[in-house]
Structure formats: structure tokens, C-alpha cells
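Peer 1: Pasting in a structure now, in C-alpha cells, and then I'll have a few things to ask.
The values are calculated or read from the model by the stated rules, or taken from the named source; none is laboratory data. Note that this is a predicted model, so its numbers are computed, not measured. Positions of Cβ are backbone-derived with ideal geometry, glycine not excepted, and every protein chain shown enters the neighbour counts. Ligands, DNA and RNA are stripped out before the accessible areas are found, and what is left, the full protein with its side chains, is counted by its heavy atoms. Shrake-Rupley method; radii C 1.70, N 1.55, O 1.52, S 1.80 Å.
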Amino acid sequence: MTNLREISPEEWEKEEYKNYIPIDLRDEAEYQLGHIDNAKWIAISDLLRDDTILDPSKAYLLYCKYGTISRELGERLLEKGHRVANLSGGYGQYILMKIKYASEEERREEIEKSLRKIFKKSIFTPFAKAINDFELIQEGDNLCLCISGGKDSMIMAKLFQELKRHNKFPFTIQFLCMDPGYNEYNRKIIEGNAKLLGIPLHFFESDIFESVFEIESSPCYVCARMRRGHLYSKAKELGCNKIALGHHFDDVIETVLMGMLYSGQFQAMMPKLHSTNFPGMELIRPLYYVREDDIKHWRDYNKLNFIQCACKFTETCSTCHTDGTTSSKRLETKKLIAELKKTNPFIEKNIFRSTENVSKQTILGLKDKGVKHSFLEWYNEE
């Protein structure tokens, strides 16, 4: 019996493996956020079929999040006569390798230069416009930038560093990263990227992942609420009056559509909010006008690699459903918008504009501070 070949991320860079086709076995949502160059996403169920779609004349490199599921699947495909290998350590180890061999000082200068020149119009300008349009920052503010380790929060940190260079009025910034129970891989990836990008992260630990791991109903919702509370609390402890989150334009329009399709309500993801549980604190979203594709372009242009979801539910690739489906309603909504865009290129802008063009005279009802009102209340008004 032939043993499955294990290829390390360092070996994968060698010329002898250039004929291998990389196959990503993670959840499709994670693949969309970042993957190995030229990798194809294929559902595990498609690879397990008797009439598998793999070409027996070609060689393939399988990888999942940490190289466990891909190893098991690789052994099964090997028994069927396919030419497959496994990426040792999976995508997590691959990202660590990419960060390790980066020339920090030179790369940091290139990344910062790209924001000032190549991505000024597509990223920095809409970032600054959102801050001005929604009055997100005032003189004397002490901002807490909440860094998760993903592409969105990391670029937000770099944009604020760039904004500080202009410094039209005094404000201060804290770069806060909560470790809710990351495994060693993900913690190292976040630390490595922060060092490369020159972001002085302040870490603090919590046990949120352990707390929600046994919750069966809506664990992601509970986890998000708990994380938000911990961030507010720590930010206040640091003397901050605002926390900044990395939600971008696509998050905004997807939330609008998700509310309508799955919750039967029309609501926007607001650019800023007063905290109900922490008086005097606000939440701001400075990437409100920034498109996700432009963030991805910045990431890929600078050859950066970031973590995606790092919770315990995905550590064993458990979200790679055998029927090829995903539990992510946001991904379903993202695909729907992409499909609609094929026939209407203005669909994204129109969804966004709908949140600021609501006519009181053409709705059946509304809520004001939790109280429901019917159109009958103002129907006979002049």
C-alpha cells in the first residue's frame, strides 16, 4: 500500500510541485476570503462520489484548515488510484510560512505606499469620506480599534495610521485584539501580521470560545454578543470613548437583504451607534463606504495572508458539509447579490441607497425605540 505524500508549505514552493493542482476543502466562505494561488474549491461530497470529478491523469494537492480532513480524504482517494498529496499543517501552516519569510521593513513600506498611491482612490478616500459624512471622529476622541486578525480589521488599522499622518485635529488610537481562545496557529498568524504591518497590538484574553462551545442554538450570535461586550468593557478600561469595527460596504448591504429575507425586517447596519450597556461609549464603522473587493485587491496585491473564522467550530473543518452546503446565510446573500448584479450593475448601490430613501408614506409601519407604529396613525395627516 502506498502512503499518502505529505508536502510542507516550504516544499510546495519548489518547482517540482508546480504541476500539482491545489484543492481547497474548507468551507466555501473561507475559500472566498482567501486561498492558495490557483486553488480550486471543491465540495468534499463531490470528491467522495464514485464518479469523482478528478482527472486521473493529473496530480492534486489537498488542503483543509489544519491538514486533518484533507489527509483522511487523500488516503481514500489514493486507494481509488488518484494522484494526490496532502498539505502538511493545512492552510494555517501555509499562512505562517508566508509571514515568516517576509522582509518586514521593506514590505511594510511597500504596503503603506500602496495605500497612499495605488489604493488611495478606492480605499483611503471612501474611508475618509465615511469619517467626514457620519462625523465618526471628534477632537479629543480616544479610539479603540478592535482587531480580529482578518483582512478588514487589519486594513482599518493601517488606514487609521495613515490618517494620523495628516492629523487635522488631535485624537488617540488604541489597537486592541481580544484572544477569545485562539489555538496556537491563529494567535501566531495575528501576531506575525501585526508585526509585519507595524500595528502595536494590545492583547487581552477571554474564555468566550469555551463558554459558547456547548451552546447548540445560535452559538455564533451568542459569541458575537459576548465579544462585543468584552471589547466595550476593555476599551472603557483603557480610557477609550469609542470602539471601531471593520464592517465594510458589502457587510452593510448584505445585512439589509438578510434582514428582509430571513428576519422579515428592514434595517440598516448603522455607521455609528450609542452603546446601551456602556454609557458614554459609541461604536463606529469607518469602512462603511469601502468595497470588499477593493480590500481583497489590496491584500492580494501586497501578498498578505490573514485568518478567517478562528473559532472551535471550524478547527476540524466541521463546516465543510458533506453535501457541499454552507451554514452561512451571509454567503448565500452574497451569492444572490452577485447573481442579481449580472443583470443590474447598480444593484449594490441601490440596496445601499434604499436605507436612506425610506418614505414614511409608503410603509405599513415602523418601530421607534422598540414601539411599533401603524401607517394608520399618520394616514389622515395633511
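Peer 1: Under a no-solvent Debye model with one identical scatterer per Cα of the range 39-134, what's log10 I(q)/I(0) at q = 0.13, 0.14, 0.17 Å⁻¹?
Peer 2: Log10 I(q)/I(0), no solvent term: -0.68, -0.71, -0.80.
Peer 1: If you count, for each residue, the other Cβ atoms within 10 Å and average over each peptide, how do 31-38, 336-343, 88-95, 75-82 line up from highest to lowest?
Peer 2: Top of the packing list down: 88-95, 31-38, 75-82, 336-343.
Peer 1: Give me the distance between the Cα centres of the range 166-187 and the range 20-80, rounded to whole Å.
Peer 2: Using only Cα atoms, the two centres lie 34 Å from each other.
Peer 1: If you place +1 on the Cβ of every Lys and Arg, -1 on the Cβ of every Asp and Glu, and leave all else neutral, what size is the dipole of the range 1-54 about its Cα centre, to the nearest 20 Debye?
Peer 2: The calculated dipole for the range 1-54 is roughly 120 debye.
Peer 1: Still on this structure, please answer the following. Taking all protein chains as present, what is the carbon and sulfur share of the accessible area of the chain, in % to the nearest whole number, probe 1.4 Å?
Peer 2: That fraction is 50 percent.
Peer 1: Could you go through the range 63-74 in sequence order and give the Karplus-derived ³J(HN,Hα) for each residue, using 6.51 cos²θ - 1.76 cosθ + 1.60 with θ = phi - 60°, rounded to whole Hz, and x for Gly and Pro?
Peer 2: Calculated HN-Hα couplings, in order: 8, 10, 6, 10, x, 8, 5, 5, 5, 4, 5, x Hz.
Peer 1: At 1.4 Å probe radius, can you tell me the per residue accessible area of the range 100-212 in Å²?
Peer 2: 48
Peer 1: Here's something else I'd like to know. For the range 324-375, report the translational diffusion coefficient in µm²/s to the nearest whole number, using Stokes-Einstein at 4 °C, 1.567 mPa s, and a Kirkwood Rh over Cα pairs.
Peer 2: Roughly 94 µm²/s, to the nearest whole number.
Peer 1: Considering amide H positions built from the backbone, and no H for Pro or chain starts, which residues 5 or more places from V84, or on another chain, come under 5 Å of its amide H?
Peer 2: So V84 has HN proximity to Y60.
Peer 1: Testing the spin-label approximation: label points 7 Å from Cα along Cα→Cβ at E135 and E105. State their distance in nm.
Peer 2: 4.5
Peer 1: With respect to the cross-link table entries K14/K98; K98/K335; K168/K234; K40/K296; K98/K121; K117/K164, which display a Cα-Cα separation exceeding 19 Å?
Peer 2: As for pairs spanning more than 19 Å Cα to Cα, those are K98/K335; K168/K234; K98/K121.
Peer 1: Sort 126-138, 257-269, 284-296 for me by packing, meaning the mean count of neighbouring Cβ atoms within 10 Å per residue, highest on top. Show your work: numbers first, answer last.
Peer 2: Working: 126-138: 16.2, 257-269: 13.8, 284-296: 21.2.
Descending mean neighbour count gives 284-296, 126-138, 257-269.
Peer 1: Rolling a 1.4 angstrom probe over the protein heavy atoms, how many square angstrom per residue are accessible across the range 1-99? Show your work: numbers first, answer last.
Peer 2: Working: 4690 Å² over 99 residues.
Accessible area per residue, the range 1-99: 47 Å².
Peer 1: Another one. Per residue of the range 46-53, in order, report the coupling 6.51 cos²θ - 1.76 cosθ + 1.60 (Karplus, θ = phi - 60°) as ³J(HN,Hα) in whole Hz, putting x for Gly and Pro.
Peer 2: 5, 7, 8, 5, 4, 9, 3, 7
Peer 1: Can you tell which of V252, V222, V358 shows the greatest fluctuation in a Gaussian network model of the chain with Cα springs below 10 Å?
Peer 2: Looking only at V252, V222, V358, the largest GNM fluctuation is found for V358.
Peer 1: Amide H to amide H, which residues 5 or more places from Q174 or on other chains are under 5 Å from it, using H placed in the peptide plane?
Peer 2: Distant-sequence amide H within range of Q174: L143, C144, L145.
Peer 1: Here is a further query. Would you indicate which of [x] 24, 55, 19, 2, 0; [y] 19, 28, 22, 17, 9, 4, 1, 0; [z] 29, 58, 14, 0 is the value of P(r) over Cα pairs in 20 Å bins from 0, in percent derived from the coordinates of this structure?
Peer 2: [x]
Peer 1: If you put +1 on each Lys and Arg Cβ and -1 on each Asp and Glu Cβ, how big is the dipole of the chain around its Cα centre, in Debye rounded to 20?
Peer 2: Value, rounded to 20: 920 debye.
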